[in-house]
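Q: My questions all concern the structure below.
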Amino acid sequence: MKCAADAARVRRNRTFRQPLLPAATSPPLRPLPAARPGRGAAFLLLAFAAAVAAGCATRPPGIQVRDSFPLDPREELSGPFPESVDRGWEALLRGDARAAAREFASARSEGHRLAADIGWIEAEVLLGDFERALAACQDTLASGEATLPLLVVCGEARGRGGRPSEGYRLYQRAVARTAGRPGLKARAEELRIAARDALAAQARVASEERKFAEARDRIAAAIDIAPESAGLREFAAEIEFSAGQPDKALRRYREAYELEPTNVSLAERVGNLAEELDEHAFAVAVFDALARSDPKFKRRAEEARLAFRVANWPPPEREAARAERLTRASASNLVWWMFPEVREAHVRSGVIASDAVSRRDTRAFARALALGLLEADRETHRGNPDATLTRGAASRLLLRLLSIVNPKAEPACLGKGDGRAGRSTAEAIRSAEACGLWKEEAESSPPSGPEFTRALDRIRALASGGGNSSRE
């Protein structure tokens, strides 16, 4: 009605006429000829008429702006629309999807095809016929205008039809086109979470079937949808482990750690793996951060720093510090390398081992014998440099080394009195345990290179008063 009135007003005002005054108040006047509008005025009239017509075409009455599915299929489209489209939308609002489908199907052959197509797809989605809806979406999106209602309904069709990641992508496009519709944003978030979980589940199945390329693709897609998730990156690391790619696993673990640096279990895993792969600087940073928040990681941080130092040692010492089996000669070499006090100690007299002559490590091994760090067979005069270092011999070496590095050091873990040199093998092992030189209960097995190297590092701390027991 308003548009018709506007048009009539335009027609009436196509010419300007002199208004007549009432006879009672004005003298009779000679009628003036009708005035012809100028070109400028005519142009303005035509522009106004076109604006009125356009307004009536682009703002058809009754279109609703909704914040949740289904949306009015006529939104963003200009009319006029067939009456069956109007009736179909009214049926959708009533919740009668079947009647709506009939009306929209009728409208698809009557006039405004796109609005009818969108409405029909909405009805099919509500009826649960996702296959027909998805097929129609594919054709309509390819040939029609991607209006907001079309993006939303096709997003719903994919989301409800078991393809949440595709549905989320369409909802993303829809949300980007509008503002002030929190309901659409909330639905997009629901689909995002569903897509993330579905892709992660697919990645797990592929990984279990050892289809690692497919698993990587799925988990990468999940991370792309949910980049804030540290858990997805942890799972990506597990996939790389299963695929035999620890370097790639570490990269994924580092990404997860950067997102959740306060996750203790994650930090331990990434720190341990970093050490295994010789990424010692990163391991030190991780364990130092853990130690700052929890004192129980102080020892682990010290070990990480020691591993970092060992990684930069010369090859012979580095190999000894990492060896599974430590010989008496290699242990002497580690002591020589780590303690200048041993290199500089004055020796008045010492045992000369016949089997230690003309060796590359003669100097270090001979010094260990001369200082009493190791013992030689007094009858055969053999030091057995290539024999495995036993735990008892290692314990006596460590206690004797402590008295050389700092003769005045009296850590509480040793008890009252000195007597270090005269301790039996069992007593030496127990004292070494009490001072935290061995991490676990002493066993009959010999110490490994890493274990012995950590004990040497601990001697330095005890000598400087930096610790008294393994419980620190």
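Q: Does residue 133 satisfy the criteria of being in a helix (DSSP H, G or I), closer than 23 Å to residue 88 by Cβ and either open to solvent by 50 Å² or more (accessible area, probe 1.4 Å) or of a type in the set (A, V, I, L, M, F, W, C) (or both)?
A: yes
Q: OK, next. Determine whether residue 187 is closer than 30 Å to residue 132 by Cβ, touching a Gly at 6+ places or on another chain (Cβ under 7 Å) and not acidic (Asp, Glu).
A: The answer is no for residue 187.
Q: Still on this model: Working only within segment 351-361, note down all residues that are within 19 Å of residue 377 (Cβ to Cβ) and either in contact (Cβ under 8 Å) with a residue 60 or more places away in the chain or within 53 Å of the chain's Cα centre (by Cα) (or both).
A: 361
Q: Give segment 338-358 a look and list any residue that's surrounded by 12 or more Cβ atoms within 10 Å (Cβ to Cβ), part of a helix (DSSP H, G or I) and in contact with a Lys or Arg (Cβ under 9 Å, 6 or more places away or on another chain), or say none.
A: 338, 342, 343, 355, 356 - these are the residues of segment 338-358 that are surrounded by 12 or more Cβ atoms within 10 Å (Cβ to Cβ), part of a helix (DSSP H, G or I) and in contact with a Lys or Arg (Cβ under 9 Å, 6 or more places away or on another chain).
Q: Inside segment 136-170, can you point out the residues that are surrounded by fewer than 17 Cβ atoms within 10 Å (Cβ to Cβ) and farther than 16 Å from residue 187 by Cα?
A: Scanning segment 136-170 gives 138, 139, 141, 142, 143, 144, 145, 146.
Conditions (1) surrounded by 17 or more Cβ atoms within 10 Å (Cβ to Cβ); (2) modelled with pLDDT under 95; (3) among the aliphatic types (A, V, I, L, M); (4) closer than 21 Å to residue 164 by Cβ, marked per residue:
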| position | (1), (2), (3), (4) |
| --- | --- |
| 204 | no, no, no, yes |
| 209 | no, no, no, no |
| 215 | yes, no, yes, yes |
| 224 | no, no, no, yes |
| 229 | yes, no, no, yes |
| 237 | yes, no, yes, no |
| 246 | no, no, no, no |
| 251 | no, no, no, no |
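Q: Could I ask something else about it? Of all residues in segment 106-124, which are over 19 Å from residue 156 (Cβ atoms) and either among the basic types (Lys, Arg) or surrounded by 16 or more Cβ atoms within 10 Å (Cβ to Cβ) (or both)?
A: 106, 107, 108, 112, 113
Q: Can you find even one residue in segment 270-277 that is open to solvent by 50 Å² or more (accessible area, probe 1.4 Å), more than 30 Å from residue 388 (Cα to Cα) and at pLDDT 95 or above?
A: No, every residue in segment 270-277 fails to be open to solvent by 50 Å² or more (accessible area, probe 1.4 Å), more than 30 Å from residue 388 (Cα to Cα) and at pLDDT 95 or above.
Q: Does residue 173 satisfy the condition of being open to solvent by 60 Å² or more (accessible area, probe 1.4 Å), assigned to a helix (DSSP H, G or I) and either closer than 22 Å to residue 123 by Cβ or touching a helix residue (DSSP H, G or I) at 6+ places or on another chain (Cβ under 7 Å) (or both)?
A: yes
The values are calculated or read from the model by the stated rules, or taken from the named source; none is laboratory data. Note that the coordinates shown come from a computational prediction; the quantities given were computed from them, not determined experimentally. Ideal geometry is used to build each Cβ from the backbone, glycine not excepted, and the neighbour counts take in all protein chains shown. Areas reflect the complete protein model, heavy atoms only, side chains present, ligands, DNA and RNA absent. Shrake-Rupley method; radii C 1.70, N 1.55, O 1.52, S 1.80 Å.
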